[in-house]
1. Just to be sure I understand the filter: pairs with C-beta atoms under 7 Å, separated by 6 or more residues or on different chains, first member in segment 235-250 and in a helix (DSSP H, G or I), second member within 11 Å of ligand 1 (Cβ to nearest atom) and among the aromatic types (Phe, Trp, Tyr). Which pairs pass?
2. List the strands (runs of 3 or more DSSP E) inside segment 280-394, counting only whole elements, that have at least 2 residues being more than 16 Å from ligand 1 (Cβ to nearest atom).
3. Hey, does segment 309-319 have a residue that's over 13 Å from Pro212 (Cβ atoms), without any contact (Cβ under 8 Å) to a residue 60 or more places away in the chain and within 16 Å of ligand 2 (Cβ to nearest atom)?
4. For residues that are open to solvent by less than 90 Å² (accessible area, probe 1.4 Å) and in contact with a helix residue (DSSP H, G or I) (Cβ under 6 Å, 6 or more places away or on another chain), tally how many sit in segment 1-19.
5. Give me a count of the residues in segment 238-278 that are within 16 Å of ligand 1 (Cβ to nearest atom), out of contact with any helix residue (DSSP H, G or I) (no Cβ under 6 Å at 6 or more places or on another chain) and at positive phi.
6. Kindly indicate the residue of segment 220-241 that is within 16 Å of ligand 2 (Cβ to nearest atom) and over 10 Å from the mean Cα position of the chain (by Cα) and also farthest from Ile143 (Cα to Cα) among those meeting that condition.
7. Which condition number in (1) at pLDDT 95 or above; (2) touching an Asp or Glu at 6+ places or on another chain (Cβ under 9 Å) is the one that Leu322 fails?
8. Only one of Glu381, Glu377 is more than 16 Å from ligand 2 (Cβ to nearest atom), without any contact (Cβ under 8 Å) to a residue 12 or more places away in the chain and over 22 Å from Gln417 (Cβ atoms). Can you tell me which?
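The values are calculated or read from the model by the stated rules, or taken from the named source; none is laboratory data. Please read these numbers as outputs of a predicted model, since none were measured by experiment. Cβ placement follows ideal geometry from the backbone for every residue including glycine, while neighbour counts extend to all protein chains displayed. The protein model used for the area step is the full one, side chains on, heavy atoms only, and it has no ligands, DNA or RNA in it. Shrake-Rupley method; radii C 1.70, N 1.55, O 1.52, S 1.80 Å.
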Amino acid sequence: MDYFDIAETWSRDQIAEEQVKRLRENIKHACKAPFYAKRFADAGISPESIHAPEDIQKLPFMCKDDLRACYPYALSCVDKSEFVRMHCSSGTTGSPVAICYTKRDLEKWADLMARSMYTAGLRKTDIFQNMSGYGLFTGGLGIHYGSERLGMMTIPAGAGNTRRQIKLINDFGVTAVHILPSYAMHVAEQVRVMGADPRKLPIKRALVGAEPYTEETRKRIEEMLDIKVFNNFGMSEMNGPGVGIECEAQGGMHVWEDAYILEIIDPETGRLVPDGEIGELTLTTLTREGMPVLRYRTHDLTRIIPGECPCGRKHRRIDRILGRSDDMFILKGVNIYPMQIEQVLMSYPEVGQNYLIQLESDGQRDTMRVKVEIREENFVEDMRVLRALQERIARRLFDEILVTPIVDLVQANSLPQSDGKAKRVIDLRVKQ
Ligand code: AMP
Ligand code: ZN
């Protein structure tokens, strides 16, 4: 196997052995924060409680509210003077969640990120453009330090200013990018609007992540830009990107189990679900010194992909994130995830790049309006053709979610395009 870090080649036994050692050290270290010292004492946990990776289940869970309650410094396990950076989680509601990093944390994060990029086939010879926002968002500097660690010439383009992005890609011969799924389609469309062929851009590979997207959307981005797309997963609480990545096989994301303990739990009972079953992703940092986070319930829904990956890496793979349990909305008693809708929409070639789900109510009846951008060449079609398309989409959506939506076909590029993570659902229902 071609690898960047020797840990990629570890057997399951080596991973387990290292996890036990690191988890013990981690529990001891975490107790430097009174928050953990108290929790572990209450639960009767000590480093000696851990004999196998499964013993992680003895630890209490942590959730976002714990991190909020500990904002800004209460999870610190080092002297504040050891911190060299902080990042925030991208949530727009509630008080923020912040993670502070020591120099060693940044080194380890850059190593994980570089390893992830290598696994997705990026090499030192690539020219890399990071097309996601910098600043508090970890997708900026986190990706950036990884690409420099790998040795790629890195263009910190940031988010937005699409024309300049395209110019940089062409001028510098950019062969690899990091980009959000919603923005990737927008960029391709803009190249077309400018009269060029997006498939002729020099880009060969893209790391695409930071928000959920479907397999249909991956195929679309690959087709529009004639590239290979690798799903890339992470979150600020776990450093940021670099938690999991797809390899050449593109069959799910390897989670780096020498750095994180991976569990998929039943959100109701908190117990592990069998491999292959969907549940809530729960993660533990194993190597972070500044602010370790143990048994963190991420709210992200996914499953472990059973079986071995053809690439030879034994780090287990998770499936693409179906959504967050808090993204789910309930309409007429039915639980619906935005990704179910995206999956249907993106299977229609007439559908353009963007969509918006609007939940409405007249005080008595709730309805779902799905605004769908239609490609320019299709938008000019006969009214009857468009109406038939509208009906077909509504029927397929009903088959998927068992609620009949109102489908509005709108012009390409008419829906708001976000520079960061896309906002897919607007809830305008009257709150009782
Ligand atoms: P942040 O606030 O930027 O740390 O956001 C982390 C969250 O972004 C995760 O908990 C996921 O919900 C989402 N996310 C990150 N990467 C992906 C991905 N590849 N696919 C789906 N969702 C993702
Ligand atoms: Zn693999």
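1. Hits for this filter: Glu237/Tyr296.
2. Numbers: elements: 296-302, 329-331, 334-336, 351-361, 366-374.
Of the strands (runs of 3 or more DSSP E) lying wholly inside segment 280-394, those with at least 2 residues that are more than 16 Å from ligand 1 (Cβ to nearest atom) span 329-331, 334-336, 351-361, 366-374.
3. For segment 309-319, residues over 13 Å from Pro212 (Cβ atoms), without any contact (Cβ under 8 Å) to a residue 60 or more places away in the chain and within 16 Å of ligand 2 (Cβ to nearest atom): absent.
4. Of the residues in segment 1-19, 4 are open to solvent by less than 90 Å² (accessible area, probe 1.4 Å) and in contact with a helix residue (DSSP H, G or I) (Cβ under 6 Å, 6 or more places away or on another chain).
5. Going through segment 238-278 one residue at a time, the tally reaches 2.
6. Initial filter on segment 220-241 (within 16 Å of ligand 2 (Cβ to nearest atom)): 228-233.
From the residues that got through so far, the ones that are over 10 Å from the mean Cα position of the chain (by Cα) too are 228-230.
Numbers: Lys228: 18, Val229: 16, Phe230: 14 Å.
Out of the qualifying residues, it is Lys228.
7. Failing condition for Leu322: (1).
8. The match here is Glu381.
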